């Protein structure tokens, strides 16, 4: 991806399962950034949906 400016990827975490899988989600996003035009930049916690999933 040399020469391309990458866009920031903002990931939304909205379920209890996603919170449990957060290390894997972040690890995979970082791996994919080497070949995709996106780079992990932030996480947003969707608290309403998270509470509903508990």
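A few notes on this one:
- Test: residue in segment 31-43 that is surrounded by 10 or more Cβ atoms within 10 Å (Cβ to Cβ), part of a helix (DSSP H, G or I) and within 13 Å of the chain's Cα centre (by Cα): yes
- With respect to the conditions (1) touching a helix residue (DSSP H, G or I) at 6+ places or on another chain (Cβ under 6 Å); (2) modelled with pLDDT under 90; (3) surrounded by 13 or more Cβ atoms within 10 Å (Cβ to Cβ), residue 16 falls short on a single one, namely (2).
- Of the residues making up segment 44-54, those that are within 15 Å of the chain's Cα centre (by Cα) and either surrounded by 11 or more Cβ atoms within 10 Å (Cβ to Cβ) or modelled with pLDDT under 95 (or both) are 45, 46.
- Segment 1-13, residues that are exposed (fewer than 12 other Cβ atoms within 10 Å of the Cβ) and over 24 Å from residue 49 (Cβ atoms): 2, 3, 4, 5, 7
The values are calculated or read from the model by the stated rules, or taken from the named source; none is laboratory data. Bear in mind that the values here come from a model prediction, so they are computed numbers and not experimental data. Cβ sites come from the backbone with ideal geometry, for glycine too, and all protein chains shown count toward neighbours.
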